[in-house]
Amino acid sequence: MPKLKTNRAAAKRFRKTAKGFKRGQSHKRHILTKKPSKRKRLLRSGKMVHETDVNRVAQLLPNH
């Protein structure tokens, strides 16, 4: 039986944690001066992959 290959694009975007998969948040890389502090604060916290997408991400990352 062949080896299971990890999808490299998904491996760069998701990290496995004890509770599921963690993902990055968009809109927090640049042009932060015009964004309110409240919006930047809400973007700061780590987000989890939604429960409906966990199986899809797990399929892309079989070795994690």
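The values are calculated or read from the model by the stated rules, or taken from the named source; none is laboratory data. Worth saying up front: this structure is predicted, and the values here are computed from it rather than measured. SASA here: full protein model, heavy atoms, side chains in, ligands and nucleic acids out. Shrake-Rupley method; radii C 1.70, N 1.55, O 1.52, S 1.80 Å.
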Where is the GNM fluctuation largest for the chain (alpha-carbon springs, 10 angstrom cutoff): LYS12, LYS35, LYS47?
-> LYS35
Estimated 222 nm signal from helices in the chain, with DSSP H stretches of n ≥ 4 weighted -39500 (n - 2.57), rounded to 500 = -8000 deg cm²/dmol
For the chain, the Cα-Cα pair-distance distribution in 5 Å bins from 0, as whole percents, is 3, 15, 23, 18, 13, 12, 9, 4, 2, 1, 0
Considering only protein heavy atoms, what per residue accessible area in square angstrom results for the chain with a 1.4 angstrom probe?
-> 91 Å²
With DNA, RNA and ligands ignored, accessible area of LEU43 (1.4 Å probe; Å², nearest 10) = 20 Å²
Can you give the accessible area of SER26, probe radius 1.4 Å, in Å² rounded to 10?
-> 60 Å²
Estimated vicinal HN-Hα couplings, Hz - the stretch 20-36 in sequence order (Karplus 6.51, -1.76, 1.60; Gly, Pro = x) | x, 10, 9, 10, x, 10, 7, 6, 10, 8, 8, 6, 8, 5, 8, 8, x
Roughly to the nearest percent, how much of the accessible area of the chain is carbon and sulfur, given a 1.4 Å probe?
-> 52 percent
